[in-house]
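For reference, the structure is listed below as structure tokens.
The values are calculated or read from the model by the stated rules, or taken from the named source; none is laboratory data. Just so it is clear, the structure is predicted and the values come from calculations on it, not from any experiment. Don't worry about glycine lacking a Cβ; one is built from the backbone with ideal geometry, like all the others, and counts go over all protein chains shown. Heads up: the accessible areas ignore ligands, DNA and RNA and are worked out on the full protein's heavy atoms, side chains in. Shrake-Rupley method; radii C 1.70, N 1.55, O 1.52, S 1.80 Å.
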Amino acid sequence: MKLFLIFGGIIILLVGGIFLFASNTSFEVKNPLLSMLSPSEKSERVAEEKKEGVAVLFGGDMQFDRYIRTVMKTRGNGFVLAPLTETLHSADLVVANLEGPITDSSSVSEISLSGEAKNYVFTFPPTTGAFLKKNHIDLVNIGNNHILNFKVEGVLQTKKYLSEAGVDSFGSPLEGDERIFIKEINGTKIAFVNYNQFIWKGKEKAFEDLNTVRGKADFTVVFTHWGTEYIEATDIMKMLAHDFIDAGADIVIGTHPHVVQTTEEYKGKKIYYSLGNFIFDQYFRPETQSGLLVRATFDPVAKGITTNEIPIRLKSSGQTVLQDTH
């Protein structure tokens, strides 16, 4: 009886295996249930899985020198963004502005006095890349007015340390470098284009890059570094933002002024003129201690973007918290 059961089991397995191989040569290992669906049912299932869209969290200016460097040395790297861990990891991607280079050079601003020239010369420690990665900040803009503080070598080291940590970047000011970045998330392609007001022909380069990514992505983000510090958005910024959207941008995200500026909708597209500070040591006025995170959901089905704003506060301890946190 036992022998009969053994042989019977073997025969059933062989027949089942032959049937599976013959009837389903396109068997999908990742999701075997899909192999039982018709092509139309598969498409419906994939569309259903994508209904919620892709969530990208945008942040403003990040600086890891001066007082922030001291805080991270004394209290540990994790201290600075600890209260935002859940918020940062709730998105598919976090993007922010890296306001300076990552190098192995010694800091000149950490021991400087406020107001002197070297107080505005930044270099971030090599561990910055790992810090960004741990906090799910997997993409950074490096097209800004501080990225060349340690000249070309500083940019090259920045790209090296970011790459080693698994963090991508866009907006390099170096000639010959790829300025744009296209990220595919769950089948949705998002192009990131930088506008850097502080480089030669920055505006022309931004429009050139918008033209380059046309047709290559489902959505296009223009991430700017522009304007005048500590004041509201200017008419020049507003006209340029409109031009970016007319040229193909689906959303405009601004940085550099260190204060949160107005938000506008133009032709159904959102413009955030400045998100203010994200990680910075400017505690001299309430406006520079207030920042904004923007959660943008890119919906490939509806072909639109919805946004939610998350106010943040930069405490004098060096830590960034949600606005309603005490």
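A few notes on this one:
- Along the axis of the charge dipole computed for region 99-233 (Cβ charges of +1 for Lys and Arg, -1 for Asp and Glu, origin at the Cα centre), the listed residues Phe170, Pro126, Leu148 are led at the positive end by Phe170.
- Solvent-accessible area, 1.4 Å probe, carbon plus sulfur percent, for region 246-314: 49
- Cβ-derived FRET efficiency at R0 30 Å, Thr70 paired with Tyr230, nearest 0.05: 0.80
- Mean accessible surface per residue for region 110-248, computed with a 1.4 Å probe while every protein chain stays in place, in Å²: 47
- Cut-off 15 Å between beta-carbons: net charge of the residues surrounding Leu88, Lys and Arg +1, Asp and Glu -1: 0
- Loop-located chymotrypsin sites (Phe, Trp or Tyr not before Pro) across region 265-326 with a Cβ neighbour count of 11 or fewer within 10 Å are Phe284, with loop assigned by DSSP.
- Note that region 190-326, at 20 °C in a medium of 1.002 mPa s, gets a Stokes-Einstein diffusion coefficient of 137 µm²/s from its Kirkwood radius over C-alpha pairs.
- Sequence-distant residues sharing a close amide H with Thr103 (under 5 Å, placed H): Phe124
- The alpha-carbon atoms of region 286-326, seen along their principal axes, cover 43, 17, 15 angstrom, with the largest extent given first.
- Legend: calculated FRET efficiency, Ala130 to Ile182, from the Cβ-Cβ distance at R0 = 30 Å, rounded to 0.05, equals 0.75.
- Among the trypsin sites (Lys or Arg not before Pro) in region 171-269, those located in a DSSP loop and surrounded by at most 16 other Cβ atoms within 10 Å of their own Cβ are Lys201, Arg214, Lys216, Lys267.
- Label-point separation in nm, Ser163 to Trp200, each point 7 Å along Cα→Cβ: 2.5
- With θ taken as phi - 60° and the Karplus curve 6.51 cos²θ - 1.76 cosθ + 1.60 applied, the whole-hertz 3J(HN,Hα) list for region 123-131 is 8, 9, x, x, 6, 4, x, 5, 4 Hz, x standing for glycine and proline.
- Qualifying GluC sites (Glu not before Pro) in region 75-156, where qualification requires a DSSP coil assignment and no more than 13 other C-beta atoms within 10 Å, comprise Glu116.
- Exposure of Arg313 as accessible area (Å², to 10), given a probe of 1.4 Å and all protein chains: 70
- For Tyr230, the shell of other residues with beta-carbons less than 13 Å away shows a net charge of -3, using +1 for Lys and Arg and -1 for Asp and Glu.
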